[in-house]
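First up is the structure itself, then whatever we jot down about it.
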Ligand SMILES: [Zn+2]
Ligand SMILES: [Zn+2]
């Protein structure tokens, strides 16, 4: 059977949603990525982009006569609001037919489940995180974990690589984890998803280091697609009165430095600043393509085919 491995960008904005006529081309929803591998769906982050994705998943499931359970895997890079604010409006979360497998970081020594409970509870939202009908399996993972899925079996396993060697088959999907520390104030997770000899690395809310982030360069080595934060232009990053140095985001120059050193095949720029409107992003896209031929600025609704 022909393999199918693709990513779709459902939210490419950083900080907060930006609706309106000036963001129609690149989109205004906050971070959410769908990774589709044959019939397996992996979602990274639950910014407002996840709302449209949830509607699409449920419509497809019922229109195609899908047999329950509707099983999905959700990975969190971190728990900032622009990466979680869509979850209360994600329809599969309310369906008794859904099994949602969550994976994410320890947050200030608090398990993922506790942080999600806090993010969705009265008086901030009328429904408790735990009270919806879906089955929720919530896993706090660490850098020494890998998540193993299989296109024949959607149930993910959380494997400690120091204790067990994952058994990789032709149908295996392997998710590796890197902990990055440049984002205030608890760092983030970067995920590398591998299938059929191909790979995609999702790396948002990171700030570059002088000479390039060596750990990230090694982690992203040879990836078919690196999706990298470049929220700020060089001017925003350095100019007074509010230089954005230390805010935990990169410039395109930083993303390109990593992409070149890691010898990735394609570079997708994401987590666009709310102040960067379509015209500006078009200009950046043309400008930075000259520095890395296989670069593109991510647009909401676009799909990139890996296999
Ligand atoms: Zn963010
Ligand atoms: Zn953040």
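Just a yes or no: is a residue in segment 190-203 within 16 Å of ligand 1 (Cβ to nearest atom), within 23 Å of residue 6 (Cβ to Cβ) and in contact with a helix residue (DSSP H, G or I) (Cβ under 9 Å, 6 or more places away or on another chain)? Yes; the residues of segment 190-203 include at least one that is within 16 Å of ligand 1 (Cβ to nearest atom), within 23 Å of residue 6 (Cβ to Cβ) and in contact with a helix residue (DSSP H, G or I) (Cβ under 9 Å, 6 or more places away or on another chain). In summary, residue 225 fulfils each of the numbered conditions (1) within 16 Å of ligand 2 (Cβ to nearest atom); (2) modelled with pLDDT of 95 or more; (3) farther than 21 Å from residue 169 by Cα with the single exception of condition (1).
Tell me which residues, restricted to segment 163-185, are within 16 Å of ligand 1 (Cβ to nearest atom) and either surrounded by fewer than 17 Cβ atoms within 10 Å (Cβ to Cβ) or more than 19 Å from the chain's Cα centre (by Cα) (or both). Hits for segment 163-185 are 181, 184, 185. Which residue is surrounded by the fewest Cβ atoms within 10 Å (Cβ to Cβ), if the candidates are limited to segment 249-307 and must be assigned to a loop (DSSP other than H, G, I, E, B) and in contact with a helix residue (DSSP H, G or I) (Cβ under 6 Å, 6 or more places away or on another chain)? Going through the qualifying residues, I end up with 291.
Considered as a group, the residues in segment 70-88 that are assigned to a strand (DSSP E or B) and within 11 Å of the chain's Cα centre (by Cα) include one that is farthest from ligand 2 (Cβ to nearest atom), and that residue is 74. If you go through segment 215-228 and keep only what is over 13 Å from residue 257 (Cβ atoms) and in contact with a helix residue (DSSP H, G or I) (Cβ under 9 Å, 6 or more places away or on another chain), you end up with 218, 219, 221, 222, 223.
If you filter segment 89-112 down to residues that are within 16 Å of ligand 1 (Cβ to nearest atom) and under 14 Å from the mean Cα position of the chain (by Cα), you find that the one that is farthest from residue 54 (Cα to Cα) is 105. Scanning segment 39-49 for residues that are touching a residue at least 60 places away in the same chain (Cβ under 8 Å), within 20 Å of residue 87 (Cβ to Cβ), within 16 Å of ligand 1 (Cβ to nearest atom) and in a helix (DSSP H, G or I) turns up at least one hit. Of all residues in segment 15-27, those satisfying the criterion of being assigned to a loop (DSSP other than H, G, I, E, B), away from ligand 2 (no atom under 15 Å from the Cβ) and surrounded by fewer than 21 Cβ atoms within 10 Å (Cβ to Cβ) are 18, 19, 20, 24, 25. Any residue that is over 19 Å from residue 176 (Cα atoms), within 16 Å of ligand 1 (Cβ to nearest atom) and surrounded by 22 or more Cβ atoms within 10 Å (Cβ to Cβ) - is there at least one of those in segment 50-73? Taking every residue of segment 50-73 in turn, at least one turns out to be over 19 Å from residue 176 (Cα atoms), within 16 Å of ligand 1 (Cβ to nearest atom) and surrounded by 22 or more Cβ atoms within 10 Å (Cβ to Cβ).
The values are calculated or read from the model by the stated rules, or taken from the named source; none is laboratory data. Nothing here was measured: the structure is a model prediction, and the numbers come from that model. Positions of Cβ are backbone-derived with ideal geometry, glycine not excepted, and every protein chain shown enters the neighbour counts.
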